[in-house]
1. Any chance you could count how many residues in region A:143-160 are farther than 29 Å from B:Thr283 by Cα and open to solvent by 40 Å² or more (accessible area, probe 1.4 Å)?
2. In the list A:Leu10, A:Leu21, A:Leu57, which residue meets the criterion of being more than 14 Å from every other protein chain (Cβ to nearest Cβ) and in contact with a Gly (Cβ under 8 Å, 6 or more places away or on another chain)?
3. Given the criteria at pLDDT 95 or above and out of contact with any helix residue (DSSP H, G or I) (no Cβ under 8 Å at 6 or more places or on another chain), does B:Val19 qualify?
4. Filtering region B:301-329 down to residues that are under 29 Å from A:Phe94 (Cα atoms) and not in a helix (DSSP H, G or I), which residue is farthest from the other protein chains (Cβ to nearest Cβ)?
5. Run down B:Arg243, B:Arg292 and say which single residue is of a type outside the set (Gly, Ala, Ser) and more than 14 Å from chain A (Cβ to nearest Cβ).
6. Could you check region A:51-60 and list, in sequence order, the residues that are closer than 13 Å to A:Gly11 by Cα and not aliphatic (A, V, I, L, M)?
7. Please enumerate the residues belonging to region A:274-296 that are touching a Gly at 6+ places or on another chain (Cβ under 7 Å) and without any contact (Cβ under 8 Å) to a residue 60 or more places away in the chain.
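The values are calculated or read from the model by the stated rules, or taken from the named source; none is laboratory data. These figures come from a predicted structure and were not determined experimentally. We place every Cβ from the backbone using ideal geometry, glycine too, and count neighbours over all the protein chains shown. Ligands, DNA and RNA are excluded from the accessible area calculation, which covers all protein heavy atoms including side chains. Shrake-Rupley method; radii C 1.70, N 1.55, O 1.52, S 1.80 Å.
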There are 2 protein chains.
Amino acid sequence: MSDQIKVAVLGYGNLGRGVELAMKQNPDMAFVGVFSRRDPASVKTLTGVPVYHVDQLLEMKDEIDVLILCGGSATDLPVQSPEYAKYFNIVDSFDNHANIPQHFDACDARALEGKKTALISVGWDPGMFSLQRLLGNCILPEGVDYTFWGKGVSQGHSDAVRRIEGVQDAKQYTIPVPEALDRVRSGENPELTTREKHTRECFVVAAPGADQARIENEIKTMPNYFEPYDTTVHFISQEELDRDHSGIPHGGFVIRSGVTGKAGETKQMIEYSLKLESNPEFTSSVLVCCARAVARMNREGFIGAKTIFDVPPAYLSPKSGAELRKALL
Amino acid sequence: MSDQIKVAVLGYGNLGRGVELAMKQNPDMAFVGVFSRRDPASVKTLTGVPVYHVDQLLEMKDEIDVLILCGGSATDLPVQSPEYAKYFNIVDSFDNHANIPQHFDACDARALEGKKTALISVGWDPGMFSLQRLLGNCILPEGVDYTFWGKGVSQGHSDAVRRIEGVQDAKQYTIPVPEALDRVRSGENPELTTREKHTRECFVVAAPGADQARIENEIKTMPNYFEPYDTTVHFISQEELDRDHSGIPHGGFVIRSGVTGKAGETKQMIEYSLKLESNPEFTSSVLVCCARAVARMNREGFIGAKTIFDVPPAYLSPKSGAELRKALL
């Protein structure tokens, strides 16, 4: 179909693969291909979509309506998103919260230069969780926000454990504390410390002969990553790790606990939660429907950098306004 | 402040009172007053805002940026929303799902005539629940939608019970079936009948000497309202009803249970829930932030009828884009 939205991906890790799979669930979009820094011949895609070298990206720009950037937030996206925002409508999942304003400005300038639309920081947090925080704040201006993450695998914390000497492999789970969730849901609006909100659980494969007591101590005392939390460390075999901890589940909760009434006497509670068997596949699914929105926003003249806060929700859908009103309103 | 958004209300029942209270939580908006069909001298407002007769509405139109229509969906809004959409930016909570397309078209034509913006059917269902259904469908195109209501008071069902001969007063609660919620949350995607999803519980004050067995039977066999459900009827005194059942709580759950992956092997679950001590106060809070969005949409040239699907979420907030990105993204 010539009116399909033509989508390409830059980067072929977990997110890029997730986009490839999500595209198959969205027949109004066509997958142009994967662009990679690797030798295309060495990249085998899940569904046989073509692979190109990143150097071919600019010369193919007229064949691409939206470029989804699937690199990492640490070093890839801060460079790639502004770079390509001049030439393509882009979507990224930049998730370094503290640097979002700076990333937004960099993408905005470049997108405006090229009259393109750059939708940044979509996924679930930032992304859907941010949207729920915004909605909660707008509806209940008097209230408190709570965001809990997990139970799920934190890639950053797993990496931190793997960098410890004597650790052969590791997976780290972030777990919300049930009592904290219960207190929030009761409407008491507690002030919760970092330690009271989440615990951390590590499954570690120690190298042969490594000192497990030292590893456990290094994990539990690691500043920022583990020291502010109650952390449990389990030593297991590589076989157990591969068998029981190979998934990348995640999820979490956004709660707005607010009040209305003459003197704030009425409690009102909004809760949004995700339970995801695959964090990257869900994030990719968000990226894909956002690609649809970006194509339409650009057609209608909404150029520059945008976030999920700027997207009319209907633009995420392939259905017409009339269809949506009939089926979902 | 001269740049405050000037809001007026038509109708002063539970919703109108809720808007009056919500306005106090939103200092970027100014409350022009309540317009009523009753004699203004007979209407006492909660916070002392002025009351005008509805006949004065048109002559005050230049003093009003947004008119929030707080009438009922059965007879008031089908007439009032199109009527006033030509002269005012309006927000309504029209909640007769089946008639939304027709109501939209009627408001659209009139709003376009007057170059105004008419945001219809906002509140929580339709409204926030609709938005969550839309988001769930866009992110997870392969999936099933579930909406549960309650535990909460259904005004329509309470009224139906009160119309039965021998009933002096009554309150009806709609209650989601916990086992059904559990099955949905487990990801099994069950097909649920009406009876399996919700139960109904009635608290009835029988008139002195009334035949309670007959009343109970009439309730339980009432077509559409109660017959498709398992219904429990409790006879209590007026004192008990007034003491224990005077609130108007409500709430519910929107769940999108979907799959991703190569062959749909990955389960992904999105759940949104509301737990509201006051249904009308929450609905009014939604109406008020929507009034803010309508004022901005109209300033920017987005005229005609709109729904929550068309509103860029940031427009619901008094904060700037940069503030929102920094604080909530």
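1. Result for region A:143-160: 3.
2. After applying the criteria, what remains is A:Leu10.
3. No, not satisfied.
4. Filtering first and then ranking leaves B:Ser320.
5. B:Arg243
6. Of everything in region A:51-60, those that are closer than 13 Å to A:Gly11 by Cα and not aliphatic (A, V, I, L, M) turn out to be A:Tyr52, A:His53, A:Asp55.
7. A:Lys275, A:Glu277 - these are the residues of region A:274-296 that are touching a Gly at 6+ places or on another chain (Cβ under 7 Å) and without any contact (Cβ under 8 Å) to a residue 60 or more places away in the chain.
Condition check ((1) buried (at least 22 other Cβ atoms within 10 Å of the Cβ); (2) more than 29 Å from B:Cys202 (Cβ to Cβ); (3) touching a residue at least 24 places away in the same chain (Cβ under 8 Å)) across all residues:
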residue	(1), (2), (3)
B:Ala118	yes, yes, yes
B:Trp124	yes, no, yes
B:Pro141	no, yes, yes
B:Arg162	no, no, no
B:Gln172	yes, no, yes
